[in-house]
1. Report the net charge of residues surrounding GLY107, where surrounding means a beta-carbon distance below 10 angstrom and charges are Lys +1, Arg +1, Asp -1, Glu -1.
2. Hey, what angle do you get for helix 95-106 against the long axis of the chain, alpha-carbon based, 0 to 90 degrees rounded to 10?
3. What do you get for the angle between helix 20-32 and the principal long axis of the chain? Use alpha-carbon atoms, 0 to 90 degrees, nearest ten.
4. Helix 226-235 sits at what angle to the longest principal axis of the chain, using alpha carbons and giving 0 to 90 degrees rounded to 10?
5. With the dipole of the chain worked out from charges on the C-beta (+1 for Lys and Arg, -1 for Asp and Glu) around the Cα centre, which of ILE242, MET1, VAL23 lies farthest toward the positive end?
6. Summing +1 for each Lys or Arg and -1 for each Asp or Glu, what net charge is found among the other residues whose Cβ lies under 11 Å from the Cβ of GLU140?
7. Long-range amide H contacts for PHE179: which residues qualify at under 5 Å (H placed 1.01 Å from N, peptide plane, sequence gap of 5 or more or a different chain)?
8. Which net charge results for the neighbourhood of LYS40, defined as the other residues with beta-carbon distances under 14 angstrom from its beta-carbon, given Lys and Arg at +1 and Asp and Glu at -1?
Amino acid sequence: MDIQLIKKIKDKKTLSNIDDSFVEKFILLILKQNSKLEAKYKKNLLKERDREQIVKSVRNELNKRYGQFWEKTVDNKNELNLELHSSTRERERIYQDVYEKIFEITGKPKKILDLGAGLNVLSYDLIGKNVYYYVNELTEKDCEIISEYLKNNKYKFEIIKGDVTKDIKLPETDVCFLFKLLDSIDVKDHKTSEELIKKIKARYLVISFSNLSIRGAREMNHPQRGWIERLLERLDYKYTKIEYTEETFYVVDKTRQSSDH
Ligand SMILES: C[S@@+](CC[C@H](N)C(=O)[O-])C[C@H]1O[C@@H](n2cnc3c(N)ncnc32)[C@H](O)[C@@H]1O
């Protein structure tokens, strides 16, 4: 792989923490979508213009999946700050209610796995300290920041660093959160999400999607969201949908088939 290309892509501050292999995955994706560029790349004939095009497209993909969420999340003391984080701020109004509704269905869990947790860790005070948290994030740096926060606040936890679409080992838990994650991992279709949903070893999954655009405005329709309901129905998992203006949650019971009710 072209190390210079990876370096150039990571030159952007919000993308600098990402592992090279994750960047490489998206370089290959962009090349696959553009056969002319791919051919030039393979023959080592990329012009400066071509390289710029690749850098721009890959940064765009990485930003959608990662960079934009980690912008301005730590304050000048290098500590996590809920006020600064768009995704968690969006949820502030509903957090308490969300957890009440989720645990009404799942019962109070002993172990939670939080995939692509981001700053959702800042809401664990609403869940409590009698729970063991397995917390996943993509990059070393973000895992460090999260770990520091959880340690300082005396949570029982374990960090699972890595790309959920790759072969990372997932522990068995009572509940697994996939809050606003699936939109970040799917590429062309929803096969990646399906694989992940099937492989998680938890009775309950809580899957959520934002109903807001990046600028925070309410999006009027989500034709793309029908896929998750069709997928859960095809897999024959029973689910409960909890809807708010800003976010929709699906509490999925993997042990109960939809035909049971
Ligand atoms: C929209 S944010 C949601 C964060 C958090 N779950 C929440 O709802 O507040 C998506 C998160 O998933 C993480 N992420 C994206 N792709 C990932 C992957 N392949 N493996 C693990 N985490 C990933 C990003 O770093 C980011 O923190």
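1. Counting the neighbours of GLY107, the net charge comes to +1.
2. The two axes meet at around 70 degrees.
3. 70
4. Rounded to the nearest ten degrees, it is 70.
5. MET1
6. -2
7. Those qualifying (amide H under 5 Å, at least 5 residues apart or on another chain) are LEU115, SER208.
8. +2
Every number here is computed from the coordinates shown, using simple stated rules; none is lab data. This is a predicted model, so every value here is computed, not measured. Neighbour counts run over all protein chains shown; Cβ positions are idealised from the backbone, glycine included.
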